Amino acid sequence: MKLKSHINQIIQDAFTKADISHEAMSVSEATKPEFGDYQFNGAMALAKKLGKNPRVIATEILNHLDFTGALSKGEIAGPGFINLWLNPLWLASECQVASLDERLNIVKKETPIKAVIDYSGPNMAKQMHVGHLRSTIIGDTLANLLHFLGDDVIRQNHIGDWGTQFGMLIAYLEEQNEDGSVSLKDLEKFYKEAKGRFDEDATFADKAREYVVKIQSGDTHCLNLWQKFIDISLGHCEEVYEKLDVKLTRDDVRAESFYNAQLPKVVETLQNRGFLEESNGAKCVFLEGDEIPVIVQKGDGGYLYATTDLAALEFRANTLEAKRICYVVDARQAGHFKQVFTVAKNAEFVASDVSLEHIAFGTMMDKGGKPFKTRDGGTIKLINLLDEAVIKAKESINNKDDYSESELADLAKTIGIGAVKYADLSINRESNYIFNWDKMLSFEGNTSLYLQYAYARIQSIFRRFDGKIEGKILINDALEHRLSVMLLRFEDILNRAAVDASPNQLTTYLYELATLFMRFYEQNPILKEGVDEETKMSRLQLANLTAKTIKQGLEILGIKVVNKL
RNA sequence: GCACCCAUAGCUCAGCUGGAUAGAGCAUCGCCCUUCUAAGGCGAGGGUCUUAGGUUCGAAUCCUAAUGGGUGUACCA
């Protein structure tokens with residue numbers, strides 16, 4: 001149910017009937033229960049334009065409001081707020097519809113678009129570390145969300161499999177006289193050693209650069225070694241994806257190297273369309289207002305990541321036919337993406353109606369609020385973090401005796417991984433992220449476990465109830481009323497979260513829903529003695545719809561629910 | 001130097017297109033388990049929304065400046 005749109009339409013109709021012209025304005029959720037369910041504040045904004053007292057305008061609107069459907073009551077308050085109450089009978093019937101529907105009565109988009117979500121993007125020369133968590137999780141959530149709402153989602157894992165560092169690795173491999181099979185088992189260590197050689201020995205560094213050229217020119221021996229790197233490294237990533245329960249597969253991998261063949265053409269196109277300038281030997285696009293140019297070809301003829309990104313944009317817009325392209329990448333690259341997007345649009349690599357979005361997220365900070373160092377050790381490998389989370393989750397389980405060993409392992413995995421993901425997704429993605437083990441693995445407050453617990457309690461009710469659910473949902477008290485409104489807001493939240501690409505709007509909603517349910521649950525008995533049959537049936541259905549909503553919400557976040565906790 | 005981002009309770013954070021008395025969790029202090037899972041619920045205390053101006057009927061939210069922090073700044077990605 002698109003609740004806001006529905007109410008907005010009723011207000012729109014009142015405007016039409018009252019013969020007041022106005023710009024479209026939306027209702028907002030009431031800030032307090034005593035102000036109703038929704039409030040319309042547009043009368044104040046219109047007052048000046050129309051030269052009328054806002055309360056007079058509010059009265060005119062109110063007099064024309066239709067109170068035979070969703071709304072039951074309207075009141076003017078303060079300077080001209082219109083407070084609106086939803087009709088309990090209408091709420092009940094809408095909840096009923098939602099509870100009987102697989103999709104909770106959330107319609108798929110009428111005009112779906114193709115959306116590319118570029119996320120995770122690990123570097124093949126290194127193992128994934130905690131810094132990769134956000135891109136992977138936020139991107140996966142966004143993909144799930146858009147898919148659920150009906151868009152045609154194309155996941156793209158733009159892995160870093162090209163560039164100087166691979167020349168460095170191969171040079172080191174040659175130096176060690178190895179074929180790769182042994183050393184590559186510990187890629188991380190191997191990378192560090194190679195990096196050490198590269199930094200301290202100029203001759204080695206030159207050699208590394210030679211190897212880069214060799215790979216790029218298609219030298220079979222080098223390409224084979226390179227391929228070995230990629231396979232091993234991608235295997236590491238897939239292990240992480242598996243643990244994270246992220247939907248990325250090998251089919252979603254479209255590596256940097258995939259665009260290699262297109263790079264000369266990118267430069268050529270820019271040249272032909274008159275965007276290219278040569279500066280200090282490099283081929284650049286200078287943008288108005290930017291001091292620093294976008295360099296697409298180095299003085300030595302090599303290409304850069306801006307070139308690859310332009311090729312990727314062209315591919316995504318034209319071959320994949322995407323209308324929305326989202327890059328889930330660290331906020332530090334904001335400048336880069338702003339420039340590349342501008343060039344892509346100006347040079348018509350992508351049509352003007354394609355939405356290019358940098359879904360930026362904050363930097364990982366340590367406890368002292370200082371940025372996490374990723375260069376010189378000290379980074380936590382993502383795989384280790386996930387394993388640790390599962391171990392801690394297992395320790396935290398209270399009644400271990402209730403489970404078999406394998407049940408316990410499954411439960412710990414679901415809870416532990418869910419906690420890590422939720423901790424990350426529940427903060428505003430643009431804020432810097434303070435990495436904290438304790439907080440990440442804590443199960444208190446706005447955490448996945450709170451939601452899991454709410455869900456499990458509902459499941460417990462249904463385990464005890466062995467009848468058949470019949471009858472209607474009845475909204476009889478204030479808590480039931482608020483719960484039903486909250487339940488019906490789900491679609492609005494999802495749409496908002498999709499537009500803003502902000503998972504934390506969904507987590508906030510789910511937490512509020514769960515909190516409201518807990519209160520409802522404490523005060524409104526369901527299966528206890530003395531609850532009449534009608535009320536029992538109604539509350540069972542409200543509980544059921546709550547559970548379904550939590551489950552669906554968590555599913556979009558990539559978190560599984562457990563039936564028992 | 002220039003550019004971008006951020007600043008909300010002791011701590012970690014919400015706060016959607018400007019709306020009524022700024023909200024959670026943690027921590028602190030009370031209360032509620034013979035009754036559907038206490039990993040829960042109820043209550044208390046805790047705020048000059050960094051500062052100073054401005055726009056507006058109305059500002060945590062928009063604008064300007066200052067301060068503090070983060071980030072980016074030509075051939076790495």
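The values are calculated or read from the model by the stated rules, or taken from the named source; none is laboratory data. Since we're looking at a predicted model, the values are computed, not measured. Counting neighbours? That spans all protein chains shown, and the Cβs are built from the backbone with ideal geometry, glycine included. Accessible surface is based on the protein model in full, side chains and every heavy atom, while ligands, DNA and RNA are left aside. Shrake-Rupley method; radii C 1.70, N 1.55, O 1.52, S 1.80 Å.
Computed values, structure above
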read-out: Subset of the range A:269-300 (residues that are away from RNA strand B (no atom under 13 Å from the Cβ), more than 36 Å from the chain's Cα centre (by Cα) and surrounded by 12 or more Cβ atoms within 10 Å (Cβ to Cβ)); value: A:Q271, A:R273
read-out: Among the residues listed as A:I526, A:I475, the single one being touching a His at 6+ places or on another chain (Cβ under 7 Å), farther than 30 Å from A:Y327 by Cβ and open to solvent by less than 50 Å² (accessible area, probe 1.4 Å); value: A:I475
read-out: Residue within the range A:184-201 that is farther than 30 Å from A:G553 by Cβ and not in a helix (DSSP H, G or I) present; value: yes
read-out: Exclusive hit being in contact (Cβ under 8 Å) with a residue 12 or more places away in the chain, of a type in the set (S, T, N, Q) and open to solvent by 60 Å² or more (accessible area, probe 1.4 Å), set A:S26, A:S21; value: A:S26
read-out: Residue list for the range A:421-462, restricted to those being among the charged types (D, E, K, R) and either in a loop (DSSP other than H, G, I, E, B) or in contact (Cβ under 8 Å) with a residue 24 or more places away in the chain (or both); value: A:K421, A:D424, A:R429, A:E430, A:E444, A:R457
read-out: Complete set of residues in the range A:66-88 that are over 35 Å from the mean Cα position of the chain (by Cα), at pLDDT 95 or above and either within 21 Å of A:M537 (Cβ to Cβ) or surrounded by 20 or more Cβ atoms within 10 Å (Cβ to Cβ) (or both); value: A:G74
read-out: Filter result (near RNA strand B (Cβ under 9 Å from one of its atoms) and surrounded by fewer than 21 Cβ atoms within 10 Å (Cβ to Cβ)) within the range A:307-342; value: A:D330, A:A331, A:R332, A:Q333, A:A334, A:G335, A:H336, A:K338
read-out: Hits in the range A:444-469 - residues which are open to solvent by 50 Å² or more (accessible area, probe 1.4 Å) and more than 19 Å from A:E529 (Cα to Cα); value: A:E444, A:N446, A:Y450, A:Y453
read-out: Among the candidates A:G530, A:G467, residue that is assigned to a loop (DSSP other than H, G, I, E, B), within 10 Å of RNA strand B (Cβ to nearest atom) and more than 20 Å from A:Q452 (Cβ to Cβ); value: A:G530
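Per-residue answers, yes or no, for (1) open to solvent by 10 Å² or more (accessible area, probe 1.4 Å); (2) under 30 Å from A:D402 (Cβ atoms):
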residue	(1), (2)
A:N495	yes, no
A:V499	yes, no
A:T507	no, yes
A:L510	no, yes
A:N544	yes, yes
A:K551	yes, yes
